[in-house]
1. Taking segment 29-60, which residues are in contact (Cβ under 8 Å) with a residue 24 or more places away in the chain and either open to solvent by 40 Å² or more (accessible area, probe 1.4 Å) or in contact with an Asp or Glu (Cβ under 9 Å, 6 or more places away or on another chain) (or both)?
2. Select from segment 14-37 the residues that are at pLDDT below 65 and in a helix (DSSP H, G or I) and list them in ascending order.
3. So, in segment 61-93, of the ones that are small (Gly, Ala, Ser), within 15 Å of ALA32 (Cβ to Cβ) and surrounded by 15 or more Cβ atoms within 10 Å (Cβ to Cβ), which residue ends up farthest from the chain's Cα centre (by Cα)?
Amino acid sequence: MDTPETSGQLMDQVLARLGGSGRALEFRVFEAYNATVGTLLRQRTSPEKLRGSMLFVRVGSSAIAHQVALLKGDLLAGLAANLGPGVVTDLRTRVGPLPAG
């Protein structure tokens, strides 16, 4: 091996061998999202679902949706650094009540 692999790349290989994707990948993406966003966005947003490489995020207000849109490039770069390139390539928001907790 010439270059080290990221943990995201290793996890993709492990999950592929175990037959995991879907919910396991979604869980990893949600964890990466929460690790990537700051405290303010973590309190006012919630990753909702992953469809292909698009992450849907529930936001508490249209102002927060606008903030997420402004930070979209940075958030996608942080997710790529955390998960590996191509796992999440787009982010969409939906305004509505956030889950409790």
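1. ALA35, THR36, ARG44, GLU48, LEU50, SER53, MET54, LEU55, PHE56, VAL57, ARG58, GLY60
2. Answer for segment 14-37, where residues must be at pLDDT below 65 and in a helix (DSSP H, G or I): VAL14, LEU15, ALA16, ARG17, LEU18.
3. Here the answer is GLY84.
The values are calculated or read from the model by the stated rules, or taken from the named source; none is laboratory data. Treat the numbers as computed from the prediction; the structure is a model and nothing was measured. Glycine also receives a Cβ, built like all others from the backbone with ideal geometry; neighbour counts cover every protein chain displayed. Heads up: the accessible areas ignore ligands, DNA and RNA and are worked out on the full protein's heavy atoms, side chains in. Shrake-Rupley method; radii C 1.70, N 1.55, O 1.52, S 1.80 Å.
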